[in-house]
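Accompanying notes for the structure given below.
None of the figures in this text is laboratory data; all of them are computed from the coordinates on show. Every value quoted in this text rests on a predicted model; they were computed, and no experiment measured them. For neighbour counting, all protein chains shown are included, and Cβ atoms are generated from backbone atoms with ideal geometry for every residue, glycine included.
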Amino acid sequence: MLITVPIRNPEYLKKLGDAGLKIYFVTADTHWNQPGDEKHPSGLERTLSDLELLLSAVPDAYVMLRLNVSPPPEWVNSHPEEMVTYSDGSHERTICTSVSGEPIDGMHSLCSEAWRRDADAALDEYFDELEKSPHFDRIIGFFLCAGGTSEWYYPTGLVKSRGAYGDFSEPFRKEYEKYLRRKYGDEATLRRVWGRPDATFERPIIPEPSERQYIWDADDKILSALRNWEVEGRSIGMKLDMNAKMPANVGVFLITAHPICTGLARRWTGISMTT
């Protein structure tokens with residue numbers, strides 16, 4: 001895979017194709033998010049330009065589109081009811097690069113039905129136009145991106161230094177209610193599993209910051225494993241004889257679904273961390 005947008009050198013792209021690289025990764029935006037102006041191309045215009053550049057250099061290339069479905073900043077600022085809302089009723093001014101490089105009044109909730117509706121319409125428009133391109137048959141797939149750096153997270157945390165926490169927005173409440181109804185079926189089961197007689201579907205309990213914490217320094221564990229390569233029959237923390245003849249596994253795999261973490265997550269939120 002290769003992100004092609006920053007690469008504007010046809011000769012370099014051709015060398016990549018000659019080396020056997022045939023599947024390329026192209027970032028893209030809808031016209032809704034990037035309508036364009038006299039100085040800047042629209043999202044669709046940029047996509048078509050990138051496809052033309054790539055396929056002129058590598059005619060047999062296939063393309064995966066990394067398609068941003070975030071709203072424009074004007075949409076976010078005009079829909080405060082769709083923003084992430086903290087326990088004190090506030091929104092957090094932030095920069096979300098998939099929306100704009102400029103600050104917005106608050107981050108739109110990724111649970112927002114209004115955003116999904118308008119993003120659906122933007123996608124319909126985008127693909128209706130993209131299908132007219134002579135290079136459309138070289139597109140083999142796409143995946144949708146949004147949130148901070150287009151990676152589906154909130155650029156501002158849900159727990160603020162002043163003590164406020166989230167999310168208390170109506171879009172999240174609706175989405176959380178749907179999830180709880182699917183998972184537990186009835187409120188009696190919800191209350192039994194959570195150990196909370198006051199738990200309800202319509203007004204889900206949002207755990208306070210102190211209830212979300214499990215003190216365990218993952219960074220220290222990861223750095224320790226990186227400093228001491230793991231090998232068969234060894235445990236973390238032992239010195240490794242670099243001259244010894246033994247198989248080594250280079251790298252670190254962090255298991256977030258640790259039994260302790262999983263149990264705490266179920267107790268506080270009812271959400272299983274395992275698949």
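Please give every one of the aspartates and glutamates within straight-line cross-link reach of K183, meaning a C-alpha to C-alpha distance under 19 Å, and leave out same-chain neighbours fewer than 8 residues apart.
Result set, ordered by chain and number: E175, D198, E202.
Within the range 14-92, report the GluC sites (Glu not before Pro) that DSSP leaves as loop and that have at most 15 other Cβ atoms within 10 Å.
Sparse-neighbourhood loop GluC sites (Glu not before Pro): E38.
Amide H to amide H under 5 Å from N68: which residues, 5+ apart in sequence or cross-chain, H placed 1.01 Å off N in plane?
Under 5 Å from the amide H of N68: A28, D29, T30, C145.
Report, as a whole number in µm² per second, the diffusion coefficient that Stokes-Einstein gives for the range 5-132 at 25 °C and 0.890 mPa s using the Kirkwood radius over alpha carbon pairs. Kindly include the intermediate steps, with their values, before the conclusion.
Numbers: Rh = 16.4 Å.
It comes out at roughly 150 µm²/s.
Once phi is turned into θ = phi - 60°, what whole-Hz ³J(HN,Hα) does the Karplus curve with 6.51, -1.76 and 1.60 give for every residue of the range 127-137, x standing for Gly and Pro?
6, 4, 7, 5, 4, 7, 6, x, 9, 4, 6
If the only charges are +1 at each Lys and Arg Cβ and -1 at each Asp and Glu Cβ, what is the size of the charge dipole of the range 39-167 around the Cα centre, to the nearest 20 debye?
Working: 10 positive and 22 negative charges, 97 e Å.
With only Lys, Arg, Asp and Glu charged at Cβ, the dipole is about 460 debye.
Which is farthest toward the positive dipole end of the range 124-208 among I206, S133, P155, measuring Cα position about the Cα centre, with Cβ charges +1 (Lys, Arg) and -1 (Asp, Glu)?
Positive-most Cα among the choices belongs to I206.
To check my understanding: the extent here is largest minus smallest coordinate of the Cα atoms along each principal axis. What are those three numbers for the range 84-213, in Å, largest first?
61, 36, 23
Run the quick spin-label model on K174 and F127: label points 7 Å from Cα toward the beta carbon, then report their separation in nm to one decimal.
For the pair K174/F127, the computed spacing is 2.3 nm.
What is the range 89-174's relative contact order, in percent, from Cα pairs under 8 angstrom and six or more apart in sequence? Could you put the intermediate results ahead of the total?
Values: 70 pairs, mean separation 30.2, N = 86.
Normalised by residue count, the contact order of the range 89-174 is 35 percent.
Name the trypsin sites (Lys or Arg not before Pro) in the range 59-159 that are in a loop by DSSP and that have at most 16 other C-beta atoms within 10 Å, would you? Write down the numbers at each step before the final one.
On the way: sites: R66, R93, R116, R117, K132, R138; in loops: R93, K132.
Loop-located and lightly packed - R93, K132.
Between V193 and D88, what length in nm is gained on full extension when 0.36 nm per residue of separation is reduced by their alpha carbon distance?
My answer for the length gained is 35.0 nm.
Determine the equivalent ellipsoid of the range 42-88 by diagonalising the alpha-carbon gyration tensor, then write out the semi-axes as square roots of 5 times the eigenvalues, largest first, rounded to whole Å. Kindly include the intermediate steps, with their values, before the conclusion.
On the way: eigenvalues 283, 28, 6 Å².
Semi-axis lengths for the range 42-88 are 38, 12, 5 Å.
Given H placed on each backbone N at 1.01 Å, which residues far from C96 in sequence or on other chains put an amide H within less than 5 Å of it?
I104
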